[in-house]
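S.K.: Before we start, here is the structure in question, set down as structure tokens.
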Amino acid sequence: MRSSERPGHGRSGDGPLRVLVVGSLPPPESARAEALRTEVVGLLAEGHAVEVVAPDPVATAHRYVTTAGIPGCIRLSTMVSGFDSVVVQLQPGLPVRARAGRWERALSLVAFSFALRRGRQVEIRLERLDDLPGGPSGRAALLLWRSAERIVVGGEDQRAAFATAVGRPGERLVVCAHDAHEVDADDGGWGEGTDASAENVLELVRKRAARERRELTATEPAHFAGWDRLATPGIAMTELDSPVPGAPQAQHKLGDLARLVLAAADRRPLLQPAAMAARIAYRSVSSVLGRDRPD
């Protein structure tokens, strides 16, 4: 279902709206991030003003809420007012921590429901049912679903599973399924995000995201209409990610090989810490050697 066909949101015909989008856009690439990016691109193409708040500190966003669970829900409750519409992509840590117990899960869902009730025209997106720890059933979860005007799940199979899990109380909920998109099979991402908050990693990934958006808007402007209006952080990359002018051909080949290896490691959750450590070590050694060189 396209955004222009969404019932109850008035996003096509009532003029531009201020839309708060809560969720993690790429990087890293995942089915959930891809689906949210498609949503944001559609909103921008329709002329709406979009502000993105991400729980993942390496995702592309205007602002960040990196505290998972109840503190993050309380923080979001101070942000939703003042917007004409709110779109929320549920993911591990939003609104429930991955390792939360039964009572913490219930309290997190109640706090998140309270936060969303402060907003207007709320849409909740749930790509996969296990993106919400404990699944979509339960009294506390039902409070969350009832705080939204509509719920979007990742395909017809997920919609059928959602209806089965929620049961009869879910019959009055407006549940839609968006079209599935083929994405890279690596859906591990950067984990919960709280362990990937080093400034150098954040700077590197945000710079790459900005570069990729510029390339995409230059080659496919129709497909990514309005994407260039998102925030474009401009932070420098490390030497491992950019060729050194005037270096010998052998160094160029070694540098290209190193960049390919690090890029491949970035796409594998188990290898991402090693890639991060390699970049940090390279930059430290380079700074030491640079100080030892004579002027």
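The values are calculated or read from the model by the stated rules, or taken from the named source; none is laboratory data. Since the model is a prediction, treat every value here as computed from it, not as a measurement. Please note: Cβ atoms are built from the backbone with ideal geometry, for glycine as well, and neighbour counts cover all protein chains shown.
Residue-by-condition table, conditions (1) over 26 Å from residue 106 (Cβ atoms); (2) assigned to a loop (DSSP other than H, G, I, E, B); (3) among the β-branched types (Val, Ile, Thr); (4) under 13 Å from the mean Cα position of the chain (by Cα):
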| position | (1), (2), (3), (4) |
| --- | --- |
| 28 | yes, yes, no, yes |
| 37 | yes, no, no, yes |
| 40 | yes, no, yes, yes |
| 44 | yes, no, no, no |
| 59 | yes, yes, no, yes |
| 71 | no, no, no, no |
| 74 | no, no, yes, no |
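S.K.: Go through segment 112-129 and give me each residue that's surrounded by 21 or more Cβ atoms within 10 Å (Cβ to Cβ) and among the hydrophobic types (A, V, I, L, M, F, W, C).
M.R.: Passing the criteria: 112, 115, 116, 122, 124, 126.
S.K.: (1) in a loop (DSSP other than H, G, I, E, B); (2) at pLDDT 90 or above: which one isn't true of residue 9, the others all being true?
M.R.: The number of the failed condition is (2).
S.K.: Here is a follow-up. So for segment 45-64 (the condition being without any contact (Cβ under 8 Å) to a residue 40 or more places away in the chain and either touching a Phe, Trp or Tyr at 6+ places or on another chain (Cβ under 6 Å) or among the acidic types (Asp, Glu) (or both)), does at least one residue qualify?
M.R.: yes
S.K.: Of the numbered conditions (1) out of contact with any Leu (no Cβ under 6 Å at 6 or more places or on another chain); (2) among the hydrophobic types (A, V, I, L, M, F, W, C); (3) at pLDDT 95 or above, residue 141 fails exactly one; give the number of that condition.
M.R.: Checking residue 141 against (1) out of contact with any Leu (no Cβ under 6 Å at 6 or more places or on another chain); (2) among the hydrophobic types (A, V, I, L, M, F, W, C); (3) at pLDDT 95 or above, the one that fails is (1).
S.K.: Further question: Looking only at segment 38-86, which residues are of a type in the set (D, E, K, R) and more than 18 Å from residue 116 (Cβ to Cβ)? Step through it out loud before you land on a result.
M.R.: So in segment 38-86, the residues of a type in the set (D, E, K, R) come out as 39, 46, 51, 56, 63, 75, 84.
46, 56 - these are the residues of segment 38-86 that are of a type in the set (D, E, K, R) and more than 18 Å from residue 116 (Cβ to Cβ).
S.K.: Quick one: is residue 51 modelled with pLDDT of 95 or more and not aliphatic (A, V, I, L, M)? Give the steps one after another, and end with the answer.
M.R.: Values: modelled with pLDDT of 95 or more: yes; not aliphatic (A, V, I, L, M): yes.
Yes.
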